[in-house]
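> If you scroll down you'll find the structure; I have some questions about it.
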Amino acid sequence: MNAPAEFKLPETIAGYKTFTLGEFTLARDEYFVTLTWPAKGQRQSHTMSADAFLRAMMRDVAWGFFYGLVNFDAVFGTRNLYGKVELFAGRYNEAIHSAGLSYVETFETPKAMAKFKEILSDWVNAGFDPFAAPSETGNTAFGEKNGNNMAAIDRFRVATKRMPGLDGDSPLRNDSNGYAINRAFADVGQEEPEIKAEPGFEKELHAFNLFRYLSRSDVTWNPSVTSVCRSSLFCPTTEEYILPIIHGNDRVEWFVQLSDEITWEVADRETGRPRARLTMKAGDVAAMPADIRHQGFSKKRSMLLVWENATPDLPKRYERGELKPYPVEF
Ligand code: PHB
Ligand code: FE
């Protein structure tokens with residue numbers, strides 16, 4: 001939709017506030033989020049389903065804009081410049097960009113983050129948990145404004161320093177600390193390994209049952225750092241329904257499918273042209289190249305290990321062509 005340059009959305013719709021960030025306007029109604037931006041002397045606009053938009057925005061907030069591109073869909077998203085962040089509309093959509101209708105604006109990260117948090121606190125209704133699977137949170141995303149869900153959007157983020165369960169590190173999950181076994185993982189063994197350390201090494205030697213730990217995850221599509229070895233981060237996660245973002249990598253990521261099955265759609269990062277579709281079954285390993293975007297689909301809740309390389313200068317090394325976008329040559 002095109003509209004005149006002076007076109008303005010109302011200040012509130014169905015009880016929801018309309019927000020501006022730079023030249024972007026963001027509004028929500030009972031079902032949709034509408035974004036507008038300037039291009040070719042007019043306001044351009046784009047509409048997304050409110051639940052999909054809020055699930056994507058929640059990931060951007062929880063992950064500090066993540067690595068590289070976070071596409072909310074084929075049009076809107078953010079690009080992490082590590083310290084600053086770009087908001088874009090149509091920039092990575094070949095048709096919109098080549099028609100000269102895309103728009104990009106750069107913000108200091110804290111400014112964009114504060115606005116995104118304000119939007120979530122106003123637009124997420126009571127009962128809607130953007131991290132939950134649709135069958136666990138129902139239709140609560142929709143309708144007129146109805147309270148909020150600060151507990152879900154401010155949820156404590158697991159920040160493991162070395163490994164869960166070590167002295168002074170993040171806790172393991174149990175019924176007693178609020179982590180019941182998810183309905184999809186009722187068959188997952190719950191026994192913990194036996195640890196016999198030499199005297200003096202009790203705080204150094206550690207092991208835990210990762211399947212048990214993941215069977216008790218209360219969120220979906222939320223990789224959390226679960227073991228740290230310098231820049232090598234193991235980020236396992238449990239997946240059900242659709243990855244709420246289309247991730248545009250700025251480095252190689254490895255996936256190890258730990259249980260069940262996920263289908264990935266892989267496309268060119270810049271244009272969105274399709275490149276591959278792969279179905280990963282339990283035990284499969286894949287490397288996602290550094291020049292693609294990808295989105296996963298998991299029909300039954302599954303366990304995925306995302307292996308991230310947090311070496312700080314990686315995006316620049318790929319941009320300079322020092323590193324190939326894929327990690328292995330066969
Ligand atoms: C990814 O972009 O690689 C990604 C993000 C979230 C997930 C899994 C994979 O839950
Ligand atoms: Fe990714």
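The values are calculated or read from the model by the stated rules, or taken from the named source; none is laboratory data. Quick caveat, the model's predicted, so the values are computed rather than measured. Neighbour counts are summed over all protein chains in view; Cβ atoms, including those assigned to glycine, are modelled from backbone coordinates with ideal geometry. For accessibility, only protein heavy atoms count, side chains too; no ligands or nucleic acids. Shrake-Rupley method; radii C 1.70, N 1.55, O 1.52, S 1.80 Å.
> Consider Thr271 carefully, then state whether it is more than 18 Å from Ile292 (Cβ to Cβ) and at pLDDT 95 or above.
no
> May I pose another question? Name the residue, out of Arg183, Arg162, that is open to solvent by 90 Å² or more (accessible area, probe 1.4 Å) and in contact with a strand residue (DSSP E or B) (Cβ under 6 Å, 6 or more places away or on another chain).
Values: Arg183 fails: in contact with a strand residue (DSSP E or B) (Cβ under 6 Å, 6 or more places away or on another chain).
Of the residues listed, the single one that is open to solvent by 90 Å² or more (accessible area, probe 1.4 Å) and in contact with a strand residue (DSSP E or B) (Cβ under 6 Å, 6 or more places away or on another chain) is Arg162.
> Looking at (1) under 29 Å from Pro312 (Cβ atoms); (2) surrounded by fewer than 18 Cβ atoms within 10 Å (Cβ to Cβ), which is the only condition Ala14 fails?
(1)
> In the range 262-286, which residues are closer than 18 Å to Glu239 by Cβ and open to solvent by less than 40 Å² (accessible area, probe 1.4 Å)?
Hits for the range 262-286 are Ile262, Thr263, Trp264, Val266, Met280, Ala286.
> In addition: Please state which of the following conditions Ser215 fails to meet, knowing it meets all the rest: (1) surrounded by 13 or more Cβ atoms within 10 Å (Cβ to Cβ); (2) more than 30 Å from Arg251 (Cβ to Cβ).
So the condition that Ser215 fails would be (2).
> Restricting attention to the range 210-250, report how many residues are of a type in the set (Gly, Ala, Ser), away from ligand 2 (no atom under 14 Å from the Cβ) and not in a loop (DSSP other than H, G, I, E, B).
Going through the range 210-250 one residue at a time, the tally reaches 3.
Residues are listed down the side, and each one gets a yes or a no for (1) farther than 21 Å from Pro134 by Cβ; (2) open to solvent by 10 Å² or more (accessible area, probe 1.4 Å); (3) within 16 Å of ligand 1 (Cβ to nearest atom):
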position	(1), (2), (3)
Asp60	no, no, yes
Gly68	yes, no, yes
Gly77	yes, no, yes
Ala89	yes, no, no
Asn93	yes, yes, no
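> Consider the range 296-326. How many of its residues are closer than 23 Å to Ser224 by Cβ and not in a strand (DSSP E or B)?
Summing the residues that are closer than 23 Å to Ser224 by Cβ and not in a strand (DSSP E or B) in the range 296-326 gives 5.
> Scan Ala52, Ala114, Ala74 and give me the residue that is touching a Gly at 6+ places or on another chain (Cβ under 9 Å) and not polar (S, T, N, Q).
Ala74
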